[in-house]
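The values are calculated or read from the model by the stated rules, or taken from the named source; none is laboratory data. It should be emphasised that the depicted structure is a prediction, and the values quoted were computed from it without experimental measurement. For neighbour counting, all protein chains shown are included, and Cβ atoms are generated from backbone atoms with ideal geometry for every residue, glycine included. Each accessible area value is taken on the protein alone, full model and side chains, heavy atoms only, with ligands, DNA and RNA left out. Shrake-Rupley method; radii C 1.70, N 1.55, O 1.52, S 1.80 Å.
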Amino acid sequence: MKRRVGHIVLAVILFCAVLGKMDFRGAAETSARIMAGKGMLRLVAETLEHPKVALTFDDGPSKKYTPMLLDGLKERGVQASFFLMGKNIEGNEELVKRIQEEGHLIGNHTYNHVQLNKVSKLEAKTEIEKTSNEIYEITGVYPVYMRPPFGSWRKDLDLSVEMFPVFWSIDTLDWKSQNVDSVMNIVEDQIQDGSIILMHDSYASSVEAALKIVDELEGKGYEFVTVDELLIV
Ligand SMILES: [Zn+2]
């Protein structure tokens, strides 16, 4: 009797062990299948999704250089973001209209390029709203993105239209070097998915460098987008 009980216990143990092994194997197969699925998804996502970067141009529009830049961007089918200074808009209304018509983003860079935290609240508000009103009169759209000069933003302004500050991750120092190779080297060293590149459409070297950046980075699989596409994600 004892022996029979022993056999039954042994049989139960063996049965459980086999079941356990089967479960283990089943779970391993399932997790392998999930991992393979995730791998496939990642592969598909990588194929469909290019790393995205944004070219941004401050201080314009420039009667001389902005059209050159717009021509080059149009040829390449690339959109960029232009943060305009109010005082540069007068006399360049057609250019502002063209920036809009060609699908670029238009943002605000104050009227006189003031450092917003170094002027009174009223002056800061006026600098922003005067520029936004000028842009609205030409484009019919109030800009909502703002590139604060010197990167100095302040949140205490009671603006009639809420503005979103847009900073940058790569400062090309194009205004300082006015050298195509120097700008290219800075961008090549620092570029990554989501980069916001700061430039100025006020120099021939900046226009040349910007178009070279587009050609080179597109060759590496980067996609150029306007800043709103990077900030929403
Ligand atoms: Zn500026």
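Before moving on, here are some points about what is shown:
- Some residue of region 50-70 being open to solvent by 10 Å² or more (accessible area, probe 1.4 Å), within 24 Å of PHE164 (Cβ to Cβ) and part of a loop (DSSP other than H, G, I, E, B): yes
- All conditions in (1) among the hydroxyl-bearing types (Ser, Thr, Tyr); (2) free of Cβ contacts under 8 Å to residues at least 12 places away in the same chain; (3) within 16 Å of the ligand (Cβ to nearest atom) hold for SER202, with the sole exception of (2).
- Any hit, region 148-158, residues being in a strand (DSSP E or B) and within 16 Å of the ligand (Cβ to nearest atom): no
- Put simply, of TYR136, TYR145 the only residue that is closer than 19 Å to VAL225 by Cβ, aromatic (Phe, Trp, Tyr) and assigned by TED's automatic domain parsing to the domain that holds PRO67 is TYR145.
- Complete set of residues in region 182-232 that are in a loop (DSSP other than H, G, I, E, B) and either of a type in the set (Phe, Trp, Tyr) or outside the structural domain of GLY72 (by TED's automatic domain parsing) (or both): TYR203, TYR222
- Test: residue in region 137-146 that is within 16 Å of the ligand (Cβ to nearest atom) and in a helix (DSSP H, G or I): no
- Single residue of GLY72, GLY77, GLY86 found to be within 16 Å of the ligand (Cβ to nearest atom) and either in contact with a strand residue (DSSP E or B) (Cβ under 9 Å, 6 or more places away or on another chain) or farther than 23 Å from GLU129 by Cα (or both): GLY86
- A single member of VAL53, VAL96, VAL119 is modelled with pLDDT of 95 or more and within 16 Å of the ligand (Cβ to nearest atom), and it is VAL119.
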